[in-house]
Amino acid sequence: MKDFAQLKKRLYIVLAVLCVMDVALLIYMVLPGSSTSELRAKKQTLQAQVDELKREVAPLKGLDIQLVQTRQDIKGMYQDRIPSQWSQVSAALQRVTHETGVNAQSIKYSVEHSDKGDLPNVQRVEIDTTVSGDYAKVARFINALEQEKLFFVIRQITLNSAQESGTVTLQIKFGTFLKEAA
């Protein structure tokens, strides 16, 4: 009988453990976030976030190589398109006016002093001039100025035309850059 009582006691312990496990599994299944449909929805949401982040990061791939190339391009621009002497600016402007056939009057140069956003070792040069000629020559002058090897940035153009003679007068303000002496 003693064995039977012990066996009965062990059986009750096993049944109690199994009941506790059943209750725990039932609670696990009932809790929110534990159903398969919710887990799938959560997975889809996370996958959509991963895809969005990949799209955002995609333009940055290869940026290190592009940065090296950009630095080389900037160095080449400084060497080829930014003069180191005032005479180079003046000669380029004289050549453009001569090649296009316009008459240049009073070319004024001034150095712009601005610390905000300045390029290193480069100073801005503002140029103000008036050119005259027929309309086609003046248009060629603007085009040649924009395509000049030296870097010219046109800021303002004022056009006046004389109806009797067909001559056009163009007041133009533009700028360039000059390497600072080392």
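Taking (1) more than 18 Å from S110 (Cα to Cα); (2) not in a helix (DSSP H, G or I) in turn, E146 satisfies each apart from (2).
At least 3 residues being within 30 Å of I142 (Cα to Cα) is the threshold, and among the helices (runs of 4 or more DSSP H) wholly inside region 1-107 those reaching it are 63-81, 86-100.
A quick yes/no check of all residues on (1) under 30 Å from T167 (Cα atoms); (2) small (G, A, S); (3) touching a residue at least 24 places away in the same chain (Cβ under 8 Å):
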| residue | (1), (2), (3) |
| --- | --- |
| L67 | no, no, no |
| R95 | yes, no, no |
| Y109 | yes, no, no |
| A136 | yes, yes, no |
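The residue pairs whose first member lies in region 157-168 and is more than 16 Å from T130 (Cβ to Cβ), whose second member is surrounded by 10 or more Cβ atoms within 10 Å (Cβ to Cβ) and modelled with pLDDT of 80 or more, and whose beta carbons are closer than 8 Å, counting only pairs six or more residues apart or on different chains, are G166/D134; G166/Y135. The set of residues from region 118-142 being more than 13 Å from K179 (Cβ to Cβ) and among the hydrophobic types (A, V, I, L, M, F, W, C) comprises I127, V131, A136, V138, A139, F141, I142.
The values are calculated or read from the model by the stated rules, or taken from the named source; none is laboratory data. Everything numeric here is computed off the predicted structure, so don't read it as measured data. Cβ atoms come from the backbone with ideal geometry, glycine included; neighbour counts cover every protein chain shown.
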